[in-house]
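So the structure is just underneath, and the comments pick up after that.
No lab work stands behind these numbers, since they all come straight from the coordinates. Predicted model only: the values in this text are computed from it and were never measured. Neighbour counts are summed over all protein chains in view; Cβ atoms, including those assigned to glycine, are modelled from backbone coordinates with ideal geometry.
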Amino acid sequence: MLKSIITLGIAILCQSMSYAQTVSNPEIEFTNTGLYKIEKIQMLPRATVVDLRITFLPNWWTKFDKDTYLEDCDTNKKYFVDSLRGAVLGKELFTPASGDTLIQLFFPPLPKTVNKINYGEAKSALLYGVSLSKSNDQEKNTTIPESVQKWMDSQISKSKNQQTSELKNATFFQKDSASIVGYIKGYDIRSAFTSGIIYHQNSLTREDYPTTIQIYPDGRFEVKMELFHPMMNHLYIKDQPFPFYIEPGQTLGMVLDWKDFLQMDRYRDRSYTMKYTTYLGPSKQINEQIWNFKINEPNYSILREVQKNQTPTIFLQNQLQAWDIEIKRIDEILKNNPRLPLASQLIRNNANLLYANYIFDYTIGRDYYSKQDTNNQILKIEIEPSYYSFINRLDLDDYILFTSQEFSTFINRFEFSPLFDRFKYQSDENREELLLENFKKIYHTQHTPFIYQIAQLREVKSYIDDISINSVLDKYVQSFLSSVEAPLFQNEVTRLLKLKELKKTGYELPDTFGAKIFKKLIEKHQGKVLVIDFWAQWCGPCRAGIESSVDKRKKLADNPDLDFLFITDERGTPDTKFFEDYNQTNFLKNSYRVTADEYLALRELFKFNGIPRYILVDESGKIRDDNFASHNLDYELRRVFPEKFKDVEL
């Protein structure tokens, strides 16, 4: 009898021990977060306990809700969290000063048949293939597969331009295609993205040319784009920027590392410098020399306060001093650690444009803040023309300025500043001469600098877009062309005029991935004129436009010839409840939320970097305007479709 009892006791003990299984530092197939690491999993008879290490920014918070889960990799069955130790369900958990903390999550007991789990929150898994039996004893192999290396080498060898140019003004603008091929070490298709984007722009005319990056299941990626000149820019993959320099006719190789993605996910409050990116191909050396150089940038986080506390004169003095100090530091480093002449010039240009843009940006929004803070005397001080004399620090005939990723901001600020006061002398016959004379009072020159001519070209583009009377438009165009010599201006104006003609009849969508997505979205609205609105939850101007037009859309809801469509994506509008409530509250009858990859393809299709963006589609599905002036809806609908809307109250 005693023997039987002992045997039964041992059996029960063994059974309970079989449930009490622990694995420390479990092996994980793929990590899609830089914040969490599972240090230990205990499988107990009544619970599964996960020790989760959180490494985040000090005093930033994370939150664990009831939709936190473990998922059986074989059956996809989910086991949702019951309770926490070290945190409270549904409440923010702030990290300590170290940025590091440990909590325990308690889940229901897992069946003994479960071998691997995914850890996730809401609809997204964050840690994939977490082993319940194996510990992670060694770091994963992240060498480039031989087949991938051969593919990259083969593509780079086809590069038409096999060397870095000296970049002279006479040959700077050369239109040609350029390609980037590469590989992401540690990439996994479960990362939930298969594309990226380059926010490419023609800075001559302020036209966007976003180009999507195709990412393959094995981690390879490639992108081909049309360049107008050498360019410094970024690949954006999973919203993270990876810098590059490339010239027309070149193929650049880039090897990225998933470790950088995880680090960027963790350090969300700063501009993270990539540690593991490598470059291949003819511009390998110059890329390494540019991007390994750290420029001390102006501090934008304090700019709004500085606007309120420093007079324009004091601010300018302080920034010119900081600018001088930084250029002196850069020159000293370049002297002691020589780089390619072009790399040195690009680094200096980048620094010069960064500081020039900062000084420009001080002037923006002062009137708005003055109305908010009526007692602030500093905000009431007018900016004198002499403030802009800092522009003399830049060579406005240096074409290489175009190469910098900061140039787009610079030329935008320049063309809307008193240096090119386009709203001045509007009724004067000698307007262009007076504007140039005004500019030369600030910038010391005897001729018209090339950058000034670019501002003129951008203004002419506005005329081409907006003026419908040919005789009036021709006057502006001919006046501009007679004042410039470079052939590229004639070429650009001719191209823009052809685009204007194309808009009169509209154009068919090409046979691309993005076009197929768009056609599917609009197919049930065939036979109607469509106003398409691209927006996002985070975009203030987008939401302002939507909310201010509710009454008009309600008024036109029963119009048989017109529909409004709203398109956002899961990354730009991640909150499903917000999306549903916003649709209801703001009368978004036809509202679509596509995937992040699909949204990038739509950006490329309609050539827009920023939102909101509006598209006008006719009843046959032709694109009548891919940059529609929605704010002027009544006039534009009557102008483009007089037969449908001439007598309709809009």
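On the principal axes of its alpha-carbon atoms, segment 146-291 has extents of 46, 37, 26 Å, going from largest to smallest.
Relative contact order of the chain, taken over Cα pairs closer than 8 Å and 6 or more residues apart, is 9 percent.
All C-alpha to C-alpha distances of segment 300-503, sorted into 5 Å bins beginning at zero, yield P(r) values of 1, 6, 13, 15, 17, 15, 12, 10, 7, 3, 1, 0, 0 percent in whole numbers.
D by Stokes-Einstein for segment 409-516, Kirkwood Rh over Cα pairs, 4 °C, 1.567 mPa s: 83 µm²/s. Summarising the label geometry, the points placed 7 Å from Cα in the beta-carbon direction at D65 and S427 lie 5.9 nm from one another.
The loop-placed chymotrypsin sites (Phe, Trp or Tyr not before Pro) in segment 521-579, going by DSSP, that have at most 16 neighbouring Cβ atoms within 10 Å of their Cβ come out as W538.
Residues whose amide H lies under 5 Å from that of H200, counting only those 5 or more places away or on a different chain, are Y209, T211; hydrogens are built 1.01 Å from N in the peptide plane.
Rounded to the nearest 20, the Cβ-based charge dipole of segment 119-194 about its Cα centre (Lys and Arg +1, Asp and Glu -1) stands at 240 debye. Since only I451, S482, Q537 are under comparison, the one whose Cα sits farthest along the positive direction of the charge dipole of segment 433-563, derived from C-beta charges on Lys, Arg, Asp and Glu, is Q537. Note on D561 and S389: their simple-model spin labels are 6.0 nm apart, each label 7 Å out from Cα toward Cβ. When E432, E92 are arranged by Cβ crowding within 10 Å, least crowded first, meaning fewest neighbours, the order is E92, E432.
For segment 68-85, the Karplus equation 6.51 cos²θ - 1.76 cosθ + 1.60, evaluated at θ = phi - 60°, returns couplings of 6, 9, 10, 10, 5, 5, 7, 9, 6, 6, 9, 10, 8, 4, 9, 7, 10, 10 Hz by residue, with Gly and Pro reported as x. The antiparallel fraction among DSSP beta bridges confined to segment 150-270 stands at about 75%.
Over all pairs of different C-alpha atoms, segment 19-135 has a mean inverse distance whose reciprocal, the Kirkwood radius, equals 14.2 Å. Take the Cα coordinates of segment 373-432, assign each an equal point scatterer, and use the Debye formula without solvent to give log10 I(q)/I(0) at q = 0.15, 0.28 Å⁻¹. Taking Cα atoms of segment 373-432 as identical point scatterers yields -0.68, -1.18. Distances between every pair of Cα atoms in segment 295-339, grouped in 5 Å steps from 0 to the bin holding the largest one, split as 5, 20, 21, 20, 13, 9, 7, 4, 1 percent.
The ranking of R85, R348 from fewest to most other beta carbons within 10 Å of each one's beta carbon is R85, R348.
The magnitude of the dipole of segment 445-560, with charges of +1 and -1 set on the Cβ of Lys/Arg and Asp/Glu and taken from the Cα centre, is near 480 debye.
Only one of the values (1) 124, 62, 45; (2) 117, 72, 63; (3) 81, 70, 47 was calculated from this structure for Cα extents along the principal axes in Å; name its label. After the calculation, the listed value that fits is (2). Put in order of Cβ neighbour count within 10 Å, fewest first, the listed residues K77, K40 become K77, K40.
Stretching the chain fully between Y236 and S468 yields a gain of 79.7 nm (0.36 nm per residue, less the alpha carbon separation).
Restricting attention to the chain, close to 80% of DSSP beta bridges with both partner residues there are antiparallel. Take the Cα radius of gyration of segment 513-645 and divide it by 2.2 N^0.38 Å, N being the number of residues; the result is 0.99. Electrostatic bookkeeping for N438 treats Lys and Arg as +1 and Asp and Glu as -1; over the other residues with beta carbon under 15 Å from its beta carbon, the sum is -3.
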